[in-house]
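Trainee: Here it is, the structure in full.
Rule-based calculations on the coordinates, nothing more; no lab input. Fair warning: this is a prediction, and the values are worked out from it, not measured in the lab. Cβ coordinates were reconstructed from backbone atoms using ideal geometry, including for glycine residues, and neighbour counts include every protein chain displayed.
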Amino acid sequence: MQAAHGVEGFLYPNEVELQWSILIVLYPYITGLVAGAFILASLERVFKVEAVKPTYRLALLTALAFLLVAPLPLQLHLGHPERSLEMYLTPHRSSAMAMFGFVYLWYLMVVLLLEIWLDYRKDIVQLSKTTRGPVGWIYKALTLGSSNVSEGALRADDRIGYIVTVIGIPSAFLLHGYVGFIFGSIKANPWWSTPLMPIVFLFSAMVSGIAAVMILYMVSTWMRKKPLDTRCVDTIAKYLFYAFVIDFSLEMLDLIHRIYEADESFHTLDFMVQTRLYMSQVVLQIMLGTVAPLAVLAATQLWTFTEAVRQRLYFASGVLTLIGIFAMRWNVVIGGQLFSKSFLGYTSYKMEFAHREGLLAAIALMILPFLLLWGLVKLLPPWPENEAKA
Amino acid sequence: MPQGRRDFLEQAGRWLFLTSAAQAALEFVVAGNASAAPNYNMHTHWWAMTIDITKCIGCGNCVRACAEENGVPKGFFRTWIERYDVPGWEMDRPDVDAPNGGMDGFPDKPAKGKSFFVPKLCNHCAHSPCVQVCPVGATFETPDGLVIVDEQYCLGCRYCVQACPYGCRYINPKTNTVDKCTLCYHRISKGLTTACCEACPTGCRQLADLKNPKDPVHDFLRTNSIQVLKPQMATGSKVYYRGLDGSVR
Amino acid sequence: MRITFRDAAHLIRLVVVVLIAIAAFAGLRSLMVPETFGQYGHYRGAALEENRQRAVSFAGRQACAECHDAVVEAKKPGKHANVGCEACHGPQAKHAEDPSLKPVKPDSATLCARCHEKNSAKPRGFPQVAAKEHNAGMACADCHQPHQPKI
């Protein structure tokens, strides 16, 4: 209750402290990357977009690495992390958060792990025969004791893998749409409560996931000193552009609707966007993170550039996109807590540094998926040339 | 409990206008033996509260009593008082303050317009948005109409804090779980009234049992113009205000 | 070409692994869910009793009246008849339990002011004074009897 909180106007006395910190900003950001990466992977498999094939396996591993990290920020944030299993033991059916636990489990176990396992089984069997030591044991365990890679077995894998991907697309939609529902279903909070929230979350997820995989593909190819498949990044950039146009339209629809309806909360929210959220919402999210990359991507669609220039433009717009989507998550989660539910005042978010929920923890949690991805790539090489050999 | 005292209590009970449940419970209360007031039957009660705005003097007694009764940590409030000052016709721009939740009273200041106090507490909603979102069943509506937190089971995810439209929930820094008004369940189940009602000097707050046909609440609701907070939220709030101004959020 | 049973062996193994995991979860669940969970609804039934069992700090005016019936009688004709004892004297459950624990007598100057200090937000009809002008430096109890507050 100190002035240091940056309180302005009137808040209900229990509202001074923010409930959800930067870690809860990371959570939709990370799950969004997962859903987006998976949807990119499914483009190749289900919609037969052959051009993006070089990123298929990388996209799956990226999705897995981020999905494994997704629950950690939530876990760190809980007052009693040791009780988190209760979500699975006694899930409350009317709670969006409880049901999310099952959506997460379904997506991790039934979709992602299964698809990766089926796709890599031939490699796993091969590697289990050639690798010694503890890593070899991992491969052996992953074969489940069956080294049958006959044509019939592979055909079975392929067919089931296809079915899993087909189920996987709505599952990925569900995964991230559901994250949107967690916020969108809170009627007490006018900044969150809109039926557009799940669908805005979904398209922003696709945008961020596609951008992330595109950048990872470019960086990993440069690091391995291999030639970049320009047709592949052209195609990814095209899909990024399409998804972004839809995402931007939805967000603007939400904004225009709010401005035009101007209900009881509008005055408060409008003031918040023009003051406390100006930097993160108007500058970072809309200008730098949406309009700028959209303009760049539109330019690459309209005019012809050389390969090298195109790659740089894609890379730049990808980075801007990732910043913009992060800002969007920030504005939803933090922005939704800066104003009083009395609509008469504002508080501010003071991020701690070396704290369980501080900046340091957030940075560590953002690095962790890349370390996991590095490990996964070592274990299950996703590179196209290996695949060709196999 | 000393025998002499028990005899005295039995005698005293006769002339005290207590309900029979309260009489039976009283012994346990006074003895400090909280274990099970024996006659309490959850299914015969439906608890609520009435608040008469025209009687609130902003003394802060309820806030202090609540903190003492329930060990509410400093800086958090199970109940609090707001002071409204509505300048003229601009009803959507009231001037509101609640220094330390009104615990230390309100220093006088010249009113710009219509000025009054609004005591608040958990509305013990019948369709609680907070209960709806709890992922594990750590907060719930009891059979007697209260919204309670199970601090042994709460994860501390804070989803319910976000879902409450009235700002009634907070994280108790001692337990790291969500905390809120219990409508003094440990008192009302023993035939006592809540700590805030007990300490309120003007009778502005009254505990009410909607299932008890003899409760004066029925007269109160029938003969006055009544409003709940944020009726547009449709939470089934059971804290009924008399004389609530339209400017109150 | 049809997929033979032999070629699906690894898939069957996977199904077995999944079934074992589900069985393990079901077993874990039956061990870990609290006994009274679901007794009345989707929550731990025992939590109700735990909540009810907490000790009280305010004894309630009926408890006060058991011993201090004379004060209750004295208050009856006055304006403070319906003001609870503990509204001024503070929580007294400990004193009710063990009368040898004597409560501290409240300081009338601060106590009376809480309710009767003038404030523009107080209801018009409520008796209120600006203490500085009304009784500069004097104790309220010099003129007013708190249990029968007429002069």
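Trainee: Apply the Karplus curve 6.51 cos²θ - 1.76 cosθ + 1.60, θ = phi - 60°, to the phi angles in region B:127-140 and return the couplings in whole Hz, x for Gly and Pro.
Mentor: Running phi through 6.51 cos²θ - 1.76 cosθ + 1.60 with θ = phi - 60° gives 10, 6, x, 5, 5, 4, 8, 4, x, 10, x, 8, 10, 7 Hz.
Trainee: In nm, give the distance between the simple-model label positions of B:LYS214 and C:GLN148, each being 7 Å from the Cα along the Cα-to-Cβ direction.
Mentor: 3.2 nm
Trainee: Please give the FRET efficiency for A:LEU154 paired with C:ARG29, using the beta carbon to beta carbon distance and R0 = 35 Å, rounded to the nearest 0.05.
Mentor: 0.40
Trainee: Further question on the same structure: Mind listing the long-range amide H neighbours of B:TYR170? Cut-off is under 5 Å, sequence gap 5 or more, other chains count too, H placed in the peptide plane at 1.01 Å from N.
Mentor: Amide H neighbours of B:TYR170, under 5 Å, 5+ apart: B:ASP179.
Trainee: Separate question: Based on the alpha-carbon gyration tensor of the protein assembly as shown and its eigenvalue square roots a ≥ b ≥ c, which shape applies: rounded if a/c is under 1.5, prolate if not and a/b is larger than b/c, or oblate?
Mentor: Taking the square roots of the gyration eigenvalues as a ≥ b ≥ c, the protein assembly as shown is prolate.
Trainee: Would you mind listing how long region B:40-249 runs along its three principal axes, going by Cα atoms, in whole Å with the largest first?
Mentor: Extents along the principal axes: 47, 40, 32 Å.
Trainee: Which value in nm describes the separation of the simple spin-label points at A:LEU379 and A:GLU307, placed 7 Å from the Cα toward the beta carbon?
Mentor: Each label point is offset 7 Å from its Cα along the Cβ direction, giving 3.5 nm.
Trainee: Separate question: What is the set of long-range amide H partners of C:GLN92 at a cut-off below 5 Å, with H atoms built 1.01 Å from backbone N?
Mentor: Hits under the 5 Å cutoff: C:ALA59, C:GLY60.
Trainee: Return the inverse of the average 1/r over all pairs of distinct C-alpha atoms in region C:55-151, which is the Kirkwood hydrodynamic radius, in Å to one decimal.
Mentor: It is 14.9 Å.
Trainee: For region A:86-333, what does the alpha-carbon gyration tensor say about shape, rounded, prolate or oblate, given a ≥ b ≥ c as the root eigenvalues, a/c under 1.5 as rounded, and a/b over b/c as prolate?
Mentor: oblate
Trainee: Using only the alpha carbons of region C:6-52, determine the length spanned along each of the three principal axes and report them from longest to shortest in whole angstroms.
Mentor: Reported extents, whole Å, longest axis first: 63, 16, 10.
Trainee: Which angle between 0 and 90 degrees, to the nearest 10, do you get for helix A:22-45 versus the longest principal axis of chain A when only C-alpha atoms count?
Mentor: 40 degrees
Trainee: Which entries of B:LYS74/B:LYS180; B:LYS190/B:LYS230; C:LYS75/C:LYS118; B:LYS190/C:LYS94 have Cα-Cα distances beyond 21 Å here?
Mentor: B:LYS190/B:LYS230; C:LYS75/C:LYS118
Trainee: If you don't mind, another one. Let me spell out the model: positive unit charges on the Cβ of Lys and Arg, negative unit charges on the Cβ of Asp and Glu, origin at the Cα centre of the protein assembly as shown. What dipole size does that give, in debye rounded to 20?
Mentor: 940 debye
Trainee: Which whole-number percent gives the relative contact order of chain A, counting Cα pairs below 8 Å spaced six or more residues apart?
Mentor: For chain A, the relative contact order is 30 percent.
Trainee: Per residue of region A:353-364, in order, report the coupling 6.51 cos²θ - 1.76 cosθ + 1.60 (Karplus, θ = phi - 60°) as ³J(HN,Hα) in whole Hz, putting x for Gly and Pro.
Mentor: After applying 6.51 cos²θ - 1.76 cosθ + 1.60, I find 9, 8, 9, 3, 10, x, 5, 4, 4, 5, 5, 4 Hz.
Trainee: Also, quick follow-up: How high is the FRET efficiency from C:ALA130 to A:ALA298, r the C-beta distance, R0 60 Å, rounded to 0.05?
Mentor: According to the calculation, E is roughly 0.30.
Trainee: Any chance you could give the angle, 0 to 90 degrees and rounded to 10, that helix C:9-32 forms with the longest Cα principal axis of chain C?
Mentor: That works out to roughly 30 degrees.
Trainee: While we're here: From the backbone phi of region B:174-181, what are the Karplus-calculated ³J(HN,Hα) couplings (6.51 cos²θ - 1.76 cosθ + 1.60, θ = phi - 60°) in whole Hz, Gly and Pro given as x?
Mentor: 6, 9, 6, 10, 6, 9, 5, 4
Trainee: If you don't mind, there's one more thing I want to ask. What is the Å³ per residue value for the convex hull set by the Cα atoms of region B:62-121?
Mentor: With only Cα atoms used, region B:62-121 gives 75 Å³ per residue.
Trainee: Along Cα→Cβ, 7 Å out, is where each label goes; now give me the distance between the ones at C:PHE5 and C:VAL17 in nm to one decimal.
Mentor: Modelled inter-label distance: 2.3 nm.
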